[in-house]
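The numbers here are math on the coordinates, done by the rules we state, and not lab data. None of these values were measured; they are calculated from a predicted model. Because the Cβ atoms are built from the backbone with ideal geometry, glycine has one as well, and the counts that use them run over all protein chains shown.
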Amino acid sequence: MNPLRSSAEVVAALVAVRSTPANVPLRIMSKGIAAVSAISTHLHKWEDNRWIGVPNPAPLTALAAELRARQGTTVFAPPSKESSLPSCRSASTAAKLALETNTAADILLATTHEQLRGAKLSTLTQALAYQGIRALQRAPTRLTTEANVALTQDFLKDHSGHAPVPSKIWESIRHNNITSTIKSWLWKSVHGAHRIGSYW
């Protein structure tokens with residue numbers, strides 16, 4: 001599952017929920033509904049574990065809070081034969097237009113509805129607790145690394161028309177098709193750790 005696409009689907013569902021009156025039944029259709037429907041299967045476990053290990057939990061926590069605040073039923077489902085309806089075609093057209101625009105819309109992930117905080121000690125393991133502590137300890141920012149990531153983004157945007165987010169750059173460096181020697185060389189290149197140039 002593509003994490004970027006999954007996050008986009010969750011944010012789209014969040015906007016749909018917020019745009020619909022809380023007492024009105026809501027049906028959300030999407031080909032990639034698995035990312036959203038996972039809430040109904042894993043929500044309690046995720047909340048018990050304080051969302052530790054869940055990729056990009058911010059939109060998911062906001063969506064969970066908004067869904068809890070609704071009085072009307074909310075159904076997530078893949079497109080059916082109704083996908084030929086004008087409303088579905090309009091949504092598809094709007095999505096394509098959004099991909100072509102250079103203007104990004106700001107989506108507020110904060111919510112005024114109640115959100116559960118912390119983790120349950122009865123369900124927390126030592127490994128999960130350690131993972132949560134490590135996640136809270138942010139690594140110090142290295143100016144050289146930030147500059148090289150920005151250079152990589154600019155280069156790719158000039159040559160492909162698309163600038164990947166930093167996490168995608170780091171993920172591509174660790175790709176299985178790349179040998180460990182090349183991975184190490186690329187990692188050091190982005191961090192400016194090679195003993196050349198400004199190192200001396």
In Hz, Karplus ³J(HN,Hα) per residue of the range 120-131 (6.51, -1.76, 1.60; θ = phi - 60°; x = Gly, Pro): 7, 5, 5, 10, 7, 9, 5, 5, 5, 4, 4, 4
Shape category assigned to the range 143-194 from the gyration tensor of Cα positions, a/c cut at 1.5: oblate
Placed amide H near Ser30: partners under 5 Å, 5+ positions off or other chain: Ala77
Computed E for Phe155/Lys96 - FRET, C-beta separation, R0 35 angstrom, nearest 0.05: 0.85
Local electrostatic count at Trp46 - Lys and Arg +1, Asp and Glu -1, tallied over other residues with Cβ under 14 Å: +3
Additional length obtainable on full extension of the chain from Gln131 to Ala22, 0.36 nm per residue less Cα span: 35.6 nm
